[in-house]
1. List the residues, sorted by chain then number, that are 5 or more residues from A490 or on another chain and whose placed amide H is less than 5 Å from its amide H.
2. Can you give me the distance in nm between label points at E321 and E467, each placed 7 Å from the Cα along the Cα-to-Cβ direction?
3. Could you please state how large a percent of the accessible area of segment 243-301 is carbon and sulfur, counting protein chains only and using a 1.4 Å probe?
4. Only residues of segment 328-371 count here: report those whose backbone N is under 14 Å from the spot 7 Å along Cα→Cβ of D409, or say none.
5. Provide the gained length on full extension for the span Q400 to H382, in nm with one decimal, where the gain is 0.36 nm per separating residue minus the Cα-Cα distance.
6. Quick one: grab the alpha carbon gyration tensor of segment 356-443, order the square roots of its eigenvalues as a ≥ b ≥ c, and give me rounded if a/c is under 1.5, else prolate or oblate depending on whether a/b is larger than b/c.
7. What nm value, rounded to one decimal, do you get for the distance between E390 and K532 when each label is placed 7 Å out toward the C-beta?
8. Given the peptides 246-253, 464-471, arrange them by the average over their residues of other C-beta atoms within 10 Å, most packed first.
Amino acid sequence: MPSALDSPTSPIGGSSNSPFFGGRAKSYGSRGGLFGSAVTTCASLIHFLEARHSRMIRIMAGASVVVFLIGMWSFYSGTDSPSVVVDPPSSSIPPISSKPISAFDLEYHTPPPAFPAPPGSNDSVLIIKTGAQVLWQRLPIHLLTTTTNTPNFLVFSDLPEYIGTTPVHDCLRDVDPKIREEHRDFNIYRQMRDIRPFPGFHNEIGEAGLKASTPKTAPYNLEIAKMGLDGGWDLDKYKNVPILYQTYRAFPNKHWYVFIDADSYIFWGNLLRHLNQKYNWKDALYLGSETMLGNEIFAHGGTGYVISYAAAKKAVIDHPEMEHNYEDYATRDCCGDHVVSRVMNDIGVKLSYERGRFQGEPWYGVRWDKGTWCSKILTFHHVGQADIQELWEFERTMQQVLEKDPRNDGYIIYGDLYHRFVKPFLTSKEDRWDNLSNDRWFEKPGFPNGFSDEKFPTKEDIAGFPEQNDREKWTNFYNWKDGEREAALASDYQACQKVCNSDGGCLQWKWQKGRCVTNHSVIFGSRDKKKKSEAWVSGWILDRVDEVRKEQSCEKHLEGGFPTEEKRKKEAESKDKHDTR
């Protein structure tokens, strides 16, 4: 349909065959396309002025238009290729263009190609546990990444929903009605049902055929994540046991049942290879990273845990009563992963430890030391959506690498991650960065009443402090070496860096006014969001880190020509000096 600008009756429409232009405006391609549009619009304007205004006004307006068009042409006459190409702004995603996305090397990259589901996938089930309050923030990224290589997976929450075609199951639907309808821990469960999420369409077939689809009930159109509801953690402890029972019924006779939270990432191929090489699914097994509650050891749920076919069958088929036996106990417990461990203990299945491989930290919180460097990666916990995308691409890249060079028995190890995520970016000093050093703290103690920077307490004063806590902190302060005390009191990072240098085992440090912390393992950490004057300054002792790295048995396979951040900075400084000569 013609627009108002095309209409012959429009005040600024009509033909561009004005005598002023000597015929219809030329059609310009490429960057000149915008110029051509400007010509057409200006022609319409002149035509309008010819019809409505005096000769002098028409002459003045025409001169102005000519000047405008000359400026437009000088800008747009750079090329006449058939496609429109707009230079992308340096600080944002480039505009949509007919160029392929991969052409914008700095703004876009192409993820590695998909790889087939690893061996053993069809005999295993991945179970993702989440909650309705965080479902839409945490789950979609898994559906685009993690589950693309897991043919059997289930998602459990505390509210039945769909994300696309993926069903999200309410794992609490079969909990004792008295607890579900009356206990205070289930307040949020009942509140979420009052909100009534979209219930799906209801179709009816009558004499005239299928009637128009309508929702079964009217949705309230409220977003649970923004409702400020309390109690999600209290509800979570009831989930693990029913999830185990419902999963086995949905997928009986699978070899491995793998349980993770939605803020975790799992290296699926690594895990299945490890399970099938080290264990037998016909044995009753309960595997994970151990944690403790009182004197009880159990597998940490967020880190991930695995239950074999034999153990799941023993619980679900041989002991169906266990599904509800611990619901009352859960009202007094803290954690669902501890509750499911009670079920495992009661049926005679003890935890087999997998320390360090099921990680309770994100990748940037891992300690690279002799215990982890050459170890297989199985899971990470407390990861965000962007972390999952990064790890998924890393896993796919490593699959390609290992197809050509099946080193380290074909496993992706922490050393692989170090070379790609950590080593290139370590530097001797990084502002506004917290590298999570935590081994030795040198912190300036608070002053008791009557003392300050101007009136510093002496060793003799300590005995007179009324608070035991103050006496202990100031005693420790005076027991530190001179350099360590200086680091706690220093107004810049250099004293802390010096403390780390003087300790032969120290690999990294971080400093904040009044605090110096050193570490004997490598941790990458993350950006400190506080303003610069209050943020951590971090650094690594680069030669020591490299010495420790080279001592690891797997490193001979991993050495590569990756430039370090230190080298990049030196090259940039050298270039700047050269440019100013």
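The values are calculated or read from the model by the stated rules, or taken from the named source; none is laboratory data. Remember, predicted model here, so these are calculated numbers, not experimental data. Because the Cβ atoms are built from the backbone with ideal geometry, glycine has one as well, and the counts that use them run over all protein chains shown. For accessibility, only protein heavy atoms count, side chains too; no ligands or nucleic acids. Shrake-Rupley method; radii C 1.70, N 1.55, O 1.52, S 1.80 Å.
1. Placed amide hydrogens put G514 under 5 Å from A490.
2. My value for the distance between the label points is 5.5 nm.
3. The C+S portion of the solvent-accessible surface of segment 243-301 is 47 percent.
4. 357
5. Full extension from Q400 to H382 adds 3.8 nm.
6. Since a/c reaches 1.5 and a/b is larger than b/c, the shape of segment 356-443 is classed as prolate.
7. About 2.3 nm, to one decimal.
8. In decreasing order of mean packing, 246-253, 464-471 become 246-253, 464-471.
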